[in-house]
1. Give region A:269-292 a look and list any residue that's facing chain B (nearest Cβ under 9 Å), without any contact (Cβ under 8 Å) to a residue 60 or more places away in the chain and of a type outside the set (S, T, N, Q), or say none.
2. Among residues belonging to region B:386-416 that are within 12 Å of chain A (Cβ to nearest Cβ) and in a loop (DSSP other than H, G, I, E, B), point out the one that is surrounded by the fewest Cβ atoms within 10 Å (Cβ to Cβ).
3. Would you mind listing the helices (runs of 4 or more DSSP H) fully within region B:196-311 where at least 1 residues are farther than 30 Å from B:A351 by Cβ and among the aromatic types (F, W, Y)?
4. What do you reckon, is B:L142 aliphatic (A, V, I, L, M), open to solvent by less than 80 Å² (accessible area, probe 1.4 Å) and not in a helix (DSSP H, G or I)?
5. Pick out the one residue from A:I197, A:I193 that is more than 14 Å from chain B (Cβ to nearest Cβ), surrounded by 18 or more Cβ atoms within 10 Å (Cβ to Cβ) and either modelled with pLDDT of 90 or more or at negative phi (or both).
6. When you scan region A:124-143, how many residues do you find that are part of a helix (DSSP H, G or I), over 14 Å from A:L238 (Cβ atoms) and of a type outside the set (S, T, Y)?
7. Exactly one condition in (1) over 25 Å from the mean Cα position of the chain (by Cα); (2) away from every other protein chain (no Cβ under 14 Å); (3) open to solvent by 10 Å² or more (accessible area, probe 1.4 Å); (4) not hydroxyl-bearing (S, T, Y) is not met by B:R345; state its number.
Amino acid sequence: MTAYILRRLLYAVPILIGVNLLTFVLFFVVNSPDDMARMHLGEKRVTEEAVQGWKAAHGYDRPLLYNAEASGMARLTETIFFEKSARLFAFQFGSSDDGRDIGYDISQRMWPSLAIAVPVLLVGLAFNISYALFIVFFRATYVDIGSVVLLVAMLSISSLFYIIGGQFLLSKVFHLAPISGYDTGLHAWKFLILPVIVGVIGGIGAGTRWYRTLFLEEVGKDYVRTARAKGLSERLVLFRHVLGNALIPILTGVVVVLPLLFMGSLITESFFGIPGLGSYTIDAISNQDFAIVRAMVFLGAVLYILGLILTDISYTLVDPRVRLQ
Amino acid sequence: MPLMPVVLWTDALVFLLIALGLLFGLYAARHEHLRAPWRRVVQSRVGVAMLVVLSAYGMVGLLDTVHVRLKLDTPADSSAAPQYAPEILSLLDLALSGLRERQEKTYSAPFATHLFVKEAIEQPDGSVIRDFPRLEHGGSHLADPATQRGADILFTAMLGMLKGLVFWVLTAFAILWLIARRRGELMEQTWTAIRAGRTPIPWLTALSMLGLLLILGFVAGELAARYHILGTDKVGEDVFFQTLKSIRTGLLIGTLTTLVMLPAAILLGIAAGYFRGWVDDVIQYLYTTLNAIPGVLLIAAAILMLQVYMSNHAEDFTSLVERADLRLLFLCLILGVTSWTGLCRLLRGEALKLREVDYVQAASALGVGHATIIGRHILPNVMHIVLITLVLDFSGLVLAEAVLSYVNIGVDPTMNSWGNMINSARLELARDPVVWWSLTAAFVFMFTLVLAANLFADVVRDAFDPRLRGI
């Protein structure tokens, strides 16, 4: 087991190098630092000195990959690639274009993101599984057909409409919760209600439909027939046998997204004014702050790989038939 | 000729897509095993009804894809080469030129005759009052809107309904005649068969859906000639016109993205599964790396790069339309880059299974080359996966466009799209009284398209998935 995890972690290294190279090519080769400087300084009538000054101030005035002027190891280290991209491996994110420490910002903004993402995941999971079990209990009746139609319709509504509708109805018409904003510590709860409700409702369509298919697949299996044949009630069959066995795919599906919860939700956070990582990313995109976007890409890749490894491990924990070698 | 056709990049790709679709259709029509699943699709009520809805959207999108430049008026006697207007218009723009040109000053509610905001109006006697001024176009034929408007709307709607009904009856008659001819029976017999549901294809559903759409279309068309049926936006543009124009954007994102990603996904997926070994390793590494980057961030990074490129090479783009078009194409490309990995992995798994199948082993033992085995034995056997993915991905991509445009990394802000409409509607909802019509229009049109696509995709999946056959 330990050897397997170690090997998987080693496999992650080339992938992260690949991610890094790709972002490096996107950010520095396709568009040179000169282009970036011009864009930040305004598009027209920018003097050469201003461009050089901006580059020097932000550390973009070095050669891309190989510094011929330096000596020894500095030939490789005093380059943009080493300074801006390779340092990410040590989780040194550097500073953003407006001079703030990205690492500090990330550690601060992680918590509001989690405060939304974790309740949405848990409440959504509980609701979707119960609703799916309810549908499966009444399978092949009008309850089933009506629910499936409802789910497909809910699936076809853009997440933007859930947010706009939720804000409009709950905040503007009924004044039940503040439209947007955030507070420190425990006072934040009233700002979290609306985003969590909207997040859960927005996920019902896809989630419940997926769990329904999972349960229906299990219901048709032999062991369920055996359970019924020995006289168990439908309730017991569903909760003890079907749910138990369907939990394996559900659990592994959840584990894979767990690390990514840190990244927050781009749309939800920016709509509700939550100072999390999602809105951080969105702001970086709209301010064209490449340093932050680069850091978030790297962080996202690390968390994704972590998710994959956790999934494999969770398989062995819940399903004794799976052995990792 | 008074028009000069203009083919934008995305137009060319759409034509390519249609040509490919037709070729595949012809090929499938001559092979029974390919025809059978399609027959199952059109034999389902939901499938047929949704196909009608999707084709209606497709027609609008197609009309909006043929672009032209109008010829400018030149003196009749001059022998100089004809001059063309710099503005690029689509056939849809020309067909709806009334809607496009009837601009108001600013917001007005659906069916309104007065502007949504008060303005200083000079009275005939010289005094100035603040009131809602009459619209320049919406309901301007009415002498006294307060009393006449209701009756006029009702009358116009009835007229539209009547026209739609007549048109529908004629179309239905033509379709009926065609079916009767094919079945070699009298039209009455065909009609009874259709009504009793004894035809393999549920024509009654198809015709009802067609009738519903035709009547709705004619009513809307008739009313739109006199009113702004979905109101006007901030700069006074007709919202109904905007939503119709947005259809093309949505359809293009949903279809071109898959078209762009298909070659890479099919080629690499099959190669990885078929050759295994180091080829497999390299391809797996490639898609894991791409997958590891959060999709939104990759798209954002790429779009940011495009913006930098465009602002540094502004002289390469002659018109706004071309610029927006190129951005749309680029968005499709980058969405394709982020979304081919799923299909690639599925195909790899399937190819891994197929290469061990007896007939592939036999072909390989007889010395058939790799290219032939892949082309003849593997590819046809994974096509159902490609098709199912293509249809299933469509609705997700349409929804993604709205979200991306909201974050400003979607289509060009000057382009009509549902995402841009929702984006601007955010501020409108904060007004008091609320400006709700842009958002509602985008919602209704988008919801209909995505719902139809989702329902159709389910039918296609059920018909094509061999595991579900016979259940």
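1. Within region A:269-292, A:I282, A:I285 meet the criteria.
2. So the residue we want is B:N408.
3. B:203-224, B:239-275
4. Details: aliphatic (A, V, I, L, M): yes; open to solvent by less than 80 Å² (accessible area, probe 1.4 Å): yes; not in a helix (DSSP H, G or I): yes.
Considered against the rule, which asks whether it is aliphatic (A, V, I, L, M), open to solvent by less than 80 Å² (accessible area, probe 1.4 Å) and not in a helix (DSSP H, G or I), B:L142 comes out as yes.
5. The conditions single out A:I197.
6. Initially, region A:124-143 is screened for residues part of a helix (DSSP H, G or I), giving A:124-137, A:142-143.
Now restrict to residues that are over 14 Å from A:L238 (Cβ atoms): A:124-128, A:142-143.
Add one more test, that the residue is of a type outside the set (S, T, Y), and what stays is A:124-128, A:143.
Number of matching residues: 6.
7. Here B:R345 clears every test but (2).
Per-residue answers, yes or no, for (1) within 30 Å of A:R323 (Cα to Cα); (2) at pLDDT 70 or above; (3) not in a helix (DSSP H, G or I):
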site: A:I5; (1), (2), (3): yes, yes, no
site: A:G18; (1), (2), (3): yes, yes, no
site: A:Y60; (1), (2), (3): no, yes, yes
site: A:F89; (1), (2), (3): no, yes, no
site: A:D98; (1), (2), (3): no, yes, yes
site: A:G103; (1), (2), (3): no, yes, no
site: A:S113; (1), (2), (3): no, yes, no
site: A:I116; (1), (2), (3): no, yes, no
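The values are calculated or read from the model by the stated rules, or taken from the named source; none is laboratory data. Note that the structure is predicted; figures quoted are calculated from it, not measured. Cβ atoms come from the backbone with ideal geometry, glycine included; neighbour counts cover every protein chain shown. Heads up: the accessible areas ignore ligands, DNA and RNA and are worked out on the full protein's heavy atoms, side chains in. Shrake-Rupley method; radii C 1.70, N 1.55, O 1.52, S 1.80 Å.
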